[in-house]
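Coordinate-derived values only; no laboratory data. None of these values were measured; they are calculated from a predicted model. Quick reminder, even Gly has a Cβ in these numbers, built from the backbone with ideal geometry, and neighbours come from all protein chains shown.
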Amino acid sequence: MIITAGIYKGRKVFTPDDKTVRPTLSKMREGVFNTLFSMMDFEGKSFLDAFAGSGIMGLEALSRGFESILALEKNPKTAKVLKENYTSIKLPSDLIIGDSLKLLAKLDRKFDVIYLDPPYFSGVYEDCLNKISKYSLLKDGGIVILEHVEEICYSKSGFEMIKQKKYSGKTVTFLQVIRK
């Protein structure tokens with residue numbers, strides 16, 4: 001797998017051998033960041049990858065101009081590969097190892113973009129959105145991006161869909177906080 005654009009374009013990113021992660025495909029990554037770029041300038045912006053896996057989404061974000069990223073990853077073996085991916089590009093990894101649902105309640109900063117790509121049938125999407133809202137983890141005008149395969153309830157969490165794209169049976173949904 002390689003980074004698709006930006007200053008680290010073409011750099012190889014490794015995934016764990018044990019099939020514990022499902023990296024976002026290059027076509028989908030390109031679509032996500034192209035859509036996101038039409039909504040905001042990346043310079044000076046922060047990115048949270050709440051279920052980081054190999055770290056490819058955070059690396060794409062940094063490569064394309066985001067100022068900072070934070071990766072959350074539960075599996076220690078996967079986190080080790082993620083750290084190696086950052087080291088190979090000579091970037092420091094801002095990584096917290098632990099359960100993303102629990103960690104969201106403990107974060108002390110806000111983000112411009114939060115990317116949620118948990119195991120598809122884990123049922124944690126709405127819990128994550130509730131925590132993002134409850135703990136005010138988004139900056140004003142911030143965007144939550146969900147990668148999923150089935151319909152997800154997000155209106156109860158205080159978010160509204162601003163864009164949705166489908167890629168080979170997978171869906172990417174862009175959300176913002178409902179303005180009152």
Could you please find all residues in segment 36-56 being crowded, with 17+ Cβ neighbours inside 10 Å and more than 21 Å from L137 (Cβ to Cβ)?
S54, I56
For the condition over 14 Å from the mean Cα position of the chain (by Cα) and part of a strand (DSSP E or B), what is the one hit in D140, D112, D108?
D140
Return the pair list, or none, for Cβ contacts closer than 9 Å from residues in segment 106-125 that are within 15 Å of A52 (Cα to Cα) to residues that are of a type in the set (D, E, K, R) and in a loop (DSSP other than H, G, I, E, B), at least 6 apart or on different chains.
V113/K45; D117/R22; P119/R22; Y120/R22; Y120/E150
Residues in segment 115-128 that are more than 21 Å from G65 (Cα to Cα), under 13 Å from the mean Cα position of the chain (by Cα) and not in a loop (DSSP other than H, G, I, E, B): how many?
2
Please go through segment 126-143 and give me each residue that is out of contact with any Ser or Thr (no Cβ under 8 Å at 6 or more places or on another chain), touching a residue at least 40 places away in the same chain (Cβ under 8 Å) and surrounded by fewer than 17 Cβ atoms within 10 Å (Cβ to Cβ), ordered by number.
G141
For segment 7-46, how many residues meet the condition of being farther than 26 Å from P119 by Cβ and either in contact with a Ser or Thr (Cβ under 6 Å, 6 or more places away or on another chain) or of a type in the set (S, T, Y) (or both)?
3
What are the residues in segment 57-92 that are assigned to a loop (DSSP other than H, G, I, E, B) and buried (at least 21 other Cβ atoms within 10 Å of the Cβ), if any?
R64
